[in-house]
Amino acid sequence: MSDRPACALTGHRNIAHALERGLEQRLLDVIEELALEGIEEFYTGGAQGFDTLAALCVLHLRPRLGIRLCVCVPFEKQDRRFDSPGKDLYRTILSDADEVIYVSDGYGKNVYHKRNRYMVDRCQVCVAFLEQDSGGTAYTVSYAVRRGKRVINLADEIGGK
């Protein structure tokens with residue numbers, strides 16, 4: 001576990017095409033703002049959708065801001081159902097990450113919740129793209145609130161909710 005100031009990035013796997021560009025730009029802005037506030041490490045969960053977008057944003061900003069990308073993978077074969085381009089991008093992100101952590105030895109009940117709690121427990125702030133009141137992102141944001149973490153919901157800012 002790192003002692004660096006950290007941010008957990010969490011969001012939905014499916015993002016409306018009309019929101020993608022605005023979400024990407026806002027995410028870049030927020031990551032930069034947080035880095036300027038002293039956040040050094042950014043955790044993503046390695047899933048498709050928001051997690052992938054967030055990882056790419058951190059990697060884009062890393063050379064200029066000196067931040068780190070930590071991908072917290074729930075289990076080793078998480079990408080088994082990704083399509084070919086998705087698998088290639090996933091593997092590129094893992095190889096470019098500063099750290100990859102496999103939270104569980106294999107697939108099992110609650111591996112995604114365990115991964116999400118792992119990220120939140122190590123952060124001071126949680127940046128989310130939360131449009132729904134149920135599901136993994138809602139669980140993660142609720143957990144972050146219960147743990148007293150600062151939460152920034154990008155869906156509130158870009159009109160996704």
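Check region 66-74 and report whether any residue there is surrounded by fewer than 16 Cβ atoms within 10 Å (Cβ to Cβ) and charged (D, E, K, R).
No, region 66-74 has no match at all.
Kindly establish whether Ala155 is of a type in the set (Gly, Ala, Ser), surrounded by 19 or more Cβ atoms within 10 Å (Cβ to Cβ) and over 14 Å from the mean Cα position of the chain (by Cα). Please lay out each step first, then the result.
Details: of a type in the set (Gly, Ala, Ser): yes; surrounded by 19 or more Cβ atoms within 10 Å (Cβ to Cβ): yes; over 14 Å from the mean Cα position of the chain (by Cα): yes.
Yes; evaluated as a whole, the condition is true for this residue.
From Arg117, Arg150, grab the single residue that is more than 24 Å from Leu28 (Cβ to Cβ), surrounded by fewer than 20 Cβ atoms within 10 Å (Cβ to Cβ) and modelled with pLDDT of 95 or more.
Step by step, each of Arg117, Arg150 is checked, and only Arg117 is more than 24 Å from Leu28 (Cβ to Cβ), surrounded by fewer than 20 Cβ atoms within 10 Å (Cβ to Cβ) and modelled with pLDDT of 95 or more.
For residues in region 120-129 being outside any helix (DSSP H, G or I) and within 12 Å of the chain's Cα centre (by Cα), which is surrounded by the most Cβ atoms within 10 Å (Cβ to Cβ)?
Going through the qualifying residues, I end up with Phe129.
Can Arg115 be described as of a type outside the set (Ser, Thr, Tyr), touching a Cys at 6+ places or on another chain (Cβ under 6 Å) and closer than 26 Å to Leu61 by Cβ?
yes
Determine which member of the set Ser134, Ser142 is surrounded by fewer than 19 Cβ atoms within 10 Å (Cβ to Cβ), out of contact with any His (no Cβ under 9 Å at 6 or more places or on another chain), without any contact (Cβ under 8 Å) to a residue 12 or more places away in the chain and assigned to a loop (DSSP other than H, G, I, E, B).
The conditions single out Ser134.
Do you know which of the residues in region 10-47 that are under 19 Å from Tyr143 (Cβ atoms) and either over 15 Å from the mean Cα position of the chain (by Cα) or among the polar types (S, T, N, Q) (or both) is surrounded by the fewest Cβ atoms within 10 Å (Cβ to Cβ)?
Among residues in region 10-47 that are under 19 Å from Tyr143 (Cβ atoms) and either over 15 Å from the mean Cα position of the chain (by Cα) or among the polar types (S, T, N, Q) (or both), the one surrounded by the fewest Cβ atoms within 10 Å (Cβ to Cβ) is Thr44.
Just one of Gln124, Gln132 is in contact with a Lys or Arg (Cβ under 8 Å, 6 or more places away or on another chain) and among the polar types (S, T, N, Q); which is it?
Sole residue among the options that is in contact with a Lys or Arg (Cβ under 8 Å, 6 or more places away or on another chain) and among the polar types (S, T, N, Q): Gln124.
Going by the structure shown, is Leu69 within 15 Å of the chain's Cα centre (by Cα) and under 25 Å from Val111 (Cα atoms)?
yes
Looking at region 113-124, can you tell me whether even one residue there is of a type in the set (A, V, I, L, M) and within 20 Å of Leu53 (Cβ to Cβ)?
yes
Please give the strands (runs of 3 or more DSSP E) falling wholly within region 1-108 in which 1 or more residues are more than 27 Å from Glu157 (Cα to Cα) and at pLDDT 95 or above.
68-73, 99-102
The values are calculated or read from the model by the stated rules, or taken from the named source; none is laboratory data. Remember, it's a predicted structure, so these values are computed and weren't measured experimentally. Positions of Cβ are backbone-derived with ideal geometry, glycine not excepted, and every protein chain shown enters the neighbour counts.
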